[in-house]
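Here is the structure we will look at, set down as structure tokens.
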Amino acid sequence: MIGTVTLLQVAIIILAAFSFLLFLNQMQSQNVMLSEVAESAAREVVELISVYTLGGSNLSYMYLTVPDTLAGQPYSLSIGETSENVLNVTARLQIYQQVRVVVTPNFGQSPVHAVKGSREVGGLTVSDTILLPLPPGYKPAIVAFRDGNSIYVGFAKIQTP
């Protein structure tokens, strides 16, 4: 009887250890996925700003190429700024966040800033945060627009035809 109870206790301890290691591995893989999403969005911000400053239109957008969910979990992307022409993109789950700092190239004379809050521009609601996944029929996008002498960058959901 004592041997059986001891074997059961050992089995429970081993099971708990494996469960904890599995949990740590899952958290680490989610952290890597968040890091990749933040880095991808940051690269796309740089690309859009480069094209926008060369083109000179009033409003430009580019669809984000990011997954709808991360391992089945919804997440959010946020854009902010630390100083002029230095933006940060943050990817967040409820338990983790990853930040990528982006130094945006600016080939023109205008400074680049992140949108604060949300604004209506050209029929789009441009915001500093986007929650993914979006409802069916919408795609996430990065939007750049000019306001006065500055260029602003933010996220929007664009309805697809």
Subject >> Single residue of the range 117-141 satisfying the filter (assigned to a loop (DSSP other than H, G, I, E, B) and either among the acidic types (Asp, Glu) or without any contact (Cβ under 8 Å) to a residue 24 or more places away in the chain (or both)) that is farthest from Tyr152 (Cα to Cα) >> reply: Pro136
Subject >> Subset of the range 100-116 [at pLDDT 90 or above, β-branched (Val, Ile, Thr) and part of a strand (DSSP E or B)] >> reply: none
Original post:
Is it the case that some residue within the range 56-68 is of a type in the set (D, E, K, R), assigned to a strand (DSSP E or B) and surrounded by fewer than 17 Cβ atoms within 10 Å (Cβ to Cβ)?
Top reply: no
**OP:** Identify all residues within the range 87-99 that are in a strand (DSSP E or B) and either more than 16 Å from Gly154 (Cβ to Cβ) or under 9 Å from the mean Cα position of the chain (by Cα) (or both); write none if there are none.
**Re:** Val89, Thr90, Ala91, Arg92, Gln97, Gln98, Val99
Original post:
Take the residues of the range 118-153 that are closer than 17 Å to Val51 by Cβ and among the aromatic types (Phe, Trp, Tyr): which is most open to solvent (accessible area, probe 1.4 Å)?
Top reply: Tyr152
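So which residues in the range 110-161 are hydroxyl-bearing (Ser, Thr, Tyr) and farther than 14 Å from Val46 by Cα, if there are any at all?
Ser110, Ser118, Thr125, Ser127, Thr129, Tyr138, Ser150, Thr160
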Original post:
Phe20 passes all but one of (1) assigned to a helix (DSSP H, G or I); (2) modelled with pLDDT of 90 or more; (3) within 24 Å of Asn88 (Cα to Cα); which number fails?
Top reply: (3)
Original post:
If you go through the range 85-99, how many residues are open to solvent by 20 Å² or more (accessible area, probe 1.4 Å), modelled with pLDDT of 85 or more and farther than 15 Å from Glu44 by Cα?
Top reply: 1
Subject >> Residue in the range 23-42 that is surrounded by the most Cβ atoms within 10 Å (Cβ to Cβ), counting only those that are within 19 Å of Val99 (Cβ to Cβ) and free of Cβ contacts under 8 Å to residues at least 12 places away in the same chain >> reply: Glu36
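The values are calculated or read from the model by the stated rules, or taken from the named source; none is laboratory data. Small disclaimer: the values here were computed from a predicted structure and weren't measured. Methodologically, a virtual Cβ is constructed for each residue, glycine included, from the backbone with ideal geometry; neighbour enumeration extends over all protein chains shown. What goes into the accessible areas is simple: the full protein's heavy atoms, side chains included, and nothing from ligands, DNA or RNA. Shrake-Rupley method; radii C 1.70, N 1.55, O 1.52, S 1.80 Å.
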